[in-house]
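Novice: Once you've had a glance at the structure underneath, I'll fire off some questions.
Every number here is computed from the coordinates shown, using simple stated rules; none is lab data. Because the structure is predicted, anything quoted here is derived from the model rather than measured. Note: ideal-geometry Cβ built from the backbone for every residue, glycine included; neighbour counts use all protein chains shown.
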Amino acid sequence: MSAGVKTIVGLSVCLACGFLLSILSCALYGNWWPLVVVFTYALAPLPNGLFGRYVSSDPLADVGSSVADFGRFLTSMLVVSGFGLPLVLAHSGIITTPAMMMSIGGGMLVYGTIIVYGTLFRAQSDF
Amino acid sequence: MARIFVWNCNLPRLPSAWREQLRDVGTYASGALFTLGWWVFIDGLVMSRTLENSPVKFGFEDWIPGLLCTLGMIITNSIDLTLLRDDGFGYSSGGGGLAGKAKLTLFIGIALLAGGVAGSLAILAIKYIVPGVDASVLYIGFTNVIQTVCLLLASIVLWFVHNSEHDNNYNFVLN
């Protein structure tokens, strides 16, 4: 039980660090464009969560797997958008390269936290 | 029953757990490639708008290959390939006509994909290479080609993964 509490504390620290990095990447340079990245990463687990639940409700239906595949496609689109947006902004000179790196790092921390939390939660609910 | 695709031969050797993962990973990879292509295109668009006194204007014709490829990807991947196998027997009014329509739709989809790639190459040649623009502007022309090739690869990956899975199911039922 204490290991679970430690995991949750560590994950929340990671989430806070991710948000801190994302906000710093905007605030240090006075340019708030990279904040959009946070929304793409925060929205990224949503399609899998919504459409994946649809599969488990009816495993024999053939429609379910294609709906889940559409969810995976959307998830992948959102994750790659989280990388693509800072890269494009940095390439066109709207934000600086350090801001781009901080934004990508913060976004990856936020998304990784959500993914790890999701897998832990699913493993616990299986038992 | 004639096999339509060559790659059916070696896939059934994979263990079934890998096949499920292949389907998931393939779908993720396809979405990633699709979005990568569109982001490269957006990068070229932003570059062309932020460049001062650019010799070429980024017009609507640069959008057309990517839109064609996206449309072709949607059409190609929304066809159930079992429809193609159904011709020959059964109801001559129902099954045969349906297979013909599916073939025609598949042909239109693949033609849209190939036309998108060819169109992006044509735009690269006509607008960027023949006038002899310098490297930073030439990059904008290449983003179009990269975008359509990424969309083509995404379409191929999605199609391959889904239809190979279907064939494995088919074999599994037969055994």
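Novice: From other protein chains only, count the Cβ atoms within 10 Å of every residue's Cβ in B:47-56, then give the mean. It would help to have the intermediate numbers written out before the result.
Specialist: Values: counts 4, 1, 1, 4, 1, 0, 0, 0, 0, 0.
Per residue, the number of nearby Cβ atoms from other chains is 1 on average.
Novice: At a Förster radius of 22 Å, what calculated FRET efficiency corresponds to the Cβ-Cβ distance of B:Ser136 and A:Thr96, to the nearest 0.05?
Specialist: In this case the efficiency is close to 0.70.
Novice: Once the Cβ-Cβ distance between B:Glu52 and A:Asn31 is put in as r, and R0 is 22 Å, what FRET efficiency do you end up with, to the nearest 0.05?
Specialist: With a Förster radius of 22 Å, E is 0.60.
Novice: Next question, about the same structure. At what distance in nm do the modelled label points of A:Leu46 and B:Glu61 sit from each other, each positioned 7 Å from its Cα along Cα→Cβ?
Specialist: Result for the modelled spin labels: 3.9 nm.
Novice: Right, here's the next one. With θ set to phi - 60° and the Karplus curve 6.51 cos²θ - 1.76 cosθ + 1.60, what are the ³J(HN,Hα) couplings of the range A:106-116 in order, to the nearest whole Hz, using x for Gly and Pro?
Specialist: So the J values, rounded to whole Hz, are x, x, 5, 5, 4, 5, x, 4, 5, 5, 5.
Novice: Follow-up question, since we're still on this one. Under a straight-distance cross-link criterion of Cα-Cα below 21 Å, which lysines are reachable from B:Lys57, leaving out those fewer than 8 residues away in the same chain?
Specialist: B:Lys127
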